[in-house]
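K.L.:
My questions will all concern the structure given below.
The values are calculated or read from the model by the stated rules, or taken from the named source; none is laboratory data. For clarity, every value in this text was computed on a predicted model and none was experimentally measured. A quick note on method: Cβ atoms are made from the backbone with ideal geometry, for glycine too, and the neighbour counts reach across all protein chains shown. Remember, those area values only see protein heavy atoms, side chains included, never the ligands or the DNA or RNA. Shrake-Rupley method; radii C 1.70, N 1.55, O 1.52, S 1.80 Å.
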Amino acid sequence: MSEYMLSEIRSTDRRNIAKMEALLQKEGIERDKNLDYSVGLFDEEYQLAATGSCFRNTLRCMAVDSSHQGEGLLNQVVTHLIEHEYARGNIELFLYTKCNSAKFFHDLGFYEIARVEGKVVFMENRRTGFSGYLDGLKKTAFPDGTSAAVVMNANPFTLGHQYLLEQAARENDHVHVFVVSEEASLVPFAVRYRLVQEGSAHLKNLIFHPTGSYIISNATFPSYFLKDAQTVIESHARLDIAVFIRIAEALSLTSRYVGEEPFSQVTSVYNRIMKEELEAAGIACRVIPRRTADDGTIISASTVRKAIQEDRLTEIRHFLPECTYRYFSSPEAAPVIAAIKKAADVIHY
């Protein structure tokens, strides 16, 4: 029986990164670009037999060399990653896996949240995590009248976002507003959540919710075991909508409002799939045309970020509600503006 050594693989360790990439590739997996901790199990000849990684509170890129399968090595890797996550304070853990691997992770204490058949399963380490989240939402449900939902990132909150909320508020008795709480945006969640609330304070039938870990962005949806970009986009959309349908059931939602997407190919595909899936589930999907500025320019958060990056905030003031302009004009926004200026790409495609 071989003996194995467990060792961290640091991002600066080119030799072992190459070994990890080679093993993942051999097993049909591409190394995820979003990793913040990786580990390997090495045999007596220092050959990599198994590997696994984390990104924030998710486990990713786990594989065992086919010549070592059946030795319980992946179990060792996953156990170590869980212990590592606990040590850094992450006790609510998530993973995405192929459908044929779901049972293995269930045996290690993970529970299914949602799946896209033949593509991906979304799992967590708490038996009642998602059901508890839904129970909390049910307390904010209304037994009478029409209830709609809007899910937004608001990076940052613009007059376009405000217009979408106004349309939903005008046409429904109650509107549940979900702000993506994952920290994958240039504007932090706490700021985005506050500006959404401040910028829609004139609408009295809105109920605000953070999404928690159950609705994630395209930026951090794992793509390492899916074959191409189109499959990644579609799988993320279908998984996200499967989760949302459970949320809709908890809140007795009759519709979801989304902004029309003339710029982002990813969001356009997402919206198309969303409309198909929601309507199949009996939930209306209202696609609202984008609001335009007085000069006919379509208002978008990407345009706002680009203007901030180029020190042209005053030029796009007519894109922003007063609360957002006031924030970006204040000293509080200095670190966020600095991050936007340093970002390699502020336009989403």
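K.L.:
Would you list the strands (runs of 3 or more DSSP E) that sit entirely within the range 111-157 and hold 1 or more residues that are of a type in the set (Val, Ile, Thr), open to solvent by less than 40 Å² (accessible area, probe 1.4 Å) and farther than 30 Å from Ser300 by Cβ? Let's see the steps before the verdict.
P.N.:
Details: elements: 111-116, 120-124, 147-152.
Hits in the range 111-157: 111-116, 120-124.
K.L.:
So which pairs qualify, if the first residue must be in the range 179-208 and within 20 Å of Ala333 (Cα to Cα), the second must be open to solvent by less than 30 Å² (accessible area, probe 1.4 Å) and among the aromatic types (Phe, Trp, Tyr), the Cβ gap must be under 6 Å, and the two must be at least 6 apart or on different chains?
P.N.:
Leu195/Phe157; Val196/Phe157; Gly199/Phe157
K.L.:
Moving on to the next point. For the list (1) under 30 Å from Ser329 (Cα atoms); (2) among the hydrophobic types (A, V, I, L, M, F, W, C); (3) crowded, with 20+ Cβ neighbours inside 10 Å; (4) modelled with pLDDT under 85, I need the number of the one condition that Phe263 fails.
P.N.:
(3)
K.L.:
Any chance you could count how many residues in the range 278-299 are within 22 Å of Tyr214 (Cβ to Cβ) and modelled with pLDDT under 95?
P.N.:
Residues in the range 278-299 being within 22 Å of Tyr214 (Cβ to Cβ) and modelled with pLDDT under 95: 0 in total.
K.L.:
Which of the residues belonging to the range 255-309 are in contact (Cβ under 8 Å) with a residue 60 or more places away in the chain, out of contact with any helix residue (DSSP H, G or I) (no Cβ under 7 Å at 6 or more places or on another chain) and more than 22 Å from Leu186 (Cα to Cα)?
P.N.:
Hits for the range 255-309 are Ser255, Arg286.
K.L.:
Further, regarding this structure: Report, by residue number, each residue of the range 1-24 that is among the aliphatic types (A, V, I, L, M) and open to solvent by 50 Å² or more (accessible area, probe 1.4 Å).
P.N.:
First, pick out the residues of the range 1-24 that are among the aliphatic types (A, V, I, L, M): 1, 5-6, 9, 17-18, 20, 22-24.
Those that are among the aliphatic types (A, V, I, L, M) and open to solvent by 50 Å² or more (accessible area, probe 1.4 Å): Met1, Met5, Leu6, Ala18, Ala22.
K.L.:
On to the next question. If I ask for residues that are under 22 Å from the mean Cα position of the chain (by Cα) and not aliphatic (A, V, I, L, M), which ones from the range 136-161 would you list? Can you show your working first?
P.N.:
Restricting attention to the range 136-161, the residues satisfying the condition of being under 22 Å from the mean Cα position of the chain (by Cα) are 136-137, 148-158, 160-161.
Gly136, Asn153, Asn155, Pro156, Phe157, Thr158, Gly160, His161 - these are the residues of the range 136-161 that are under 22 Å from the mean Cα position of the chain (by Cα) and not aliphatic (A, V, I, L, M).
K.L.:
Now for a different question. Got at least one residue in the range 152-162 being among the hydrophobic types (A, V, I, L, M, F, W, C) and in contact with a Leu (Cβ under 6 Å, 6 or more places away or on another chain)? Explain how you work it out, then say what you get.
P.N.:
Step one: list which residues in the range 152-162 are among the hydrophobic types (A, V, I, L, M, F, W, C), which gives 152, 154, 157, 159.
Checking which are in contact with a Leu (Cβ under 6 Å, 6 or more places away or on another chain) leaves us with 157.
Taking every residue of the range 152-162 in turn, at least one turns out to be among the hydrophobic types (A, V, I, L, M, F, W, C) and in contact with a Leu (Cβ under 6 Å, 6 or more places away or on another chain).
K.L.:
Would it be correct to say that Ala169 is of a type in the set (A, V, I, L, M, F, W, C), farther than 18 Å from Phe94 by Cα and surrounded by fewer than 20 Cβ atoms within 10 Å (Cβ to Cβ)?
P.N.:
Details: of a type in the set (A, V, I, L, M, F, W, C): yes; farther than 18 Å from Phe94 by Cα: yes; surrounded by fewer than 20 Cβ atoms within 10 Å (Cβ to Cβ): no.
Here the answer is no, as Ala169 does not meet what is asked.
K.L.:
Here is a further query. Kindly indicate the residue of the range 60-84 that is open to solvent by 40 Å² or more (accessible area, probe 1.4 Å) and of a type in the set (D, E, K, R) and also farthest from Ser101 (Cα to Cα) among those meeting that condition.
P.N.:
Step by step, filter the range 60-84, then rank; the result is Glu83.
K.L.:
Of all residues in the range 302-349 being in contact with a Ser or Thr (Cβ under 8 Å, 6 or more places away or on another chain), β-branched (Val, Ile, Thr) and not in a loop (DSSP other than H, G, I, E, B), which is farthest from Ala154 (Cα to Cα)?
P.N.:
That would be Ile316.
K.L.:
Right, something else. Val232: assigned to a helix (DSSP H, G or I) and at pLDDT 90 or above, yes or no? Can you show your working first?
P.N.:
Numbers: assigned to a helix (DSSP H, G or I): yes; at pLDDT 90 or above: no.
It is false that Val232 is assigned to a helix (DSSP H, G or I) and at pLDDT 90 or above.
K.L.:
Could I ask something else about it? Please determine, by comparing only the residues of the range 289-338 that are within 25 Å of the chain's Cα centre (by Cα) and loosely packed, with under 14 Cβ neighbours inside 10 Å, which one is nearest to Tyr163 (Cα to Cα).
P.N.:
Pro289
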